[in-house]
Amino acid sequence: MLKYEQWLQMADSLKGQIEDFLRVTNYFDQEQVYIPDMIPSAETLYVQEQLSRFCHELEEAYYQMKRMNAKVVREGKLRLGPNGRYWLDNEELPCGRSVELLYDDGTGLGNMESWHAGRIDHDGSKYYFTGKRNLKLDGVTARMKQHL
């Protein structure tokens, strides 16, 4: 059975392999797979489309792995500003800002809090944390990591 440190090492190795694969396919630059020597046919176009979808999913996994180990640049309690936006220390969090919040979502061990990655969004009337729309954000511990 793998131990925690082994899981992390394997994930880091996998991240490197995904990065190499996406670089070879030029997916980072083009956000699609282009096969230069491909002779267009119904089958090859299908394969190209499937590879593009596959690369999209790999890119998402790649950035999740990078975010997991990214350096924390700010941590503290969220506070509601007079304009309805949330602040972390001296930085206002605009719509779409990636943050991680520390709270108990009920899926952990007992009443243990854990970090949850998401972003601050706006629904037309108020700001909320993605995936947890009704979470009261004022006073919740939050952190921001280095941009990837």
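Computed quantities for the displayed model
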item: For the stretch 96-148: rounded, prolate or oblate by the Cα gyration tensor [a/c cutoff 1.5]; result: oblate
item: Cα gyration tensor category, rounded, prolate or oblate, for the chain with a/c compared to 1.5; result: prolate
item: Prolate/oblate/rounded label for the stretch 60-116 (Cα gyration tensor, a/c 1.5); result: oblate
item: Label point distance in nm, Trp115-Met38, each placed 7 Å from Cα along Cα→Cβ; result: 3.8
item: Helix 4-24 vs. the chain, principal-axis angle (Cα, 0 to 90°, nearest 10); result: 50
item: Gap separating the Cα centres of the stretch 32-61 and the stretch 134-148, nearest whole Å; result: 36
item: Under 18 Å from the Glu59 label point (7 Å along Cα→beta-carbon), backbone N, the stretch 116-148; result: 148
item: For Gly16, net neighbour charge (Lys/Arg +1, Asp/Glu -1) across residues whose Cβ lies under 12 Å away; result: 0
item: C-alpha long axis of helix 42-68 to longest principal axis of the chain, angle in °; result: 30
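Just so you know, all these numbers are worked out from the coordinates, no wet-lab data involved. Bear in mind the structure is a predicted one, so any value in this text is a computation, not a measurement. Cβ coordinates were reconstructed from backbone atoms using ideal geometry, including for glycine residues, and neighbour counts include every protein chain displayed.
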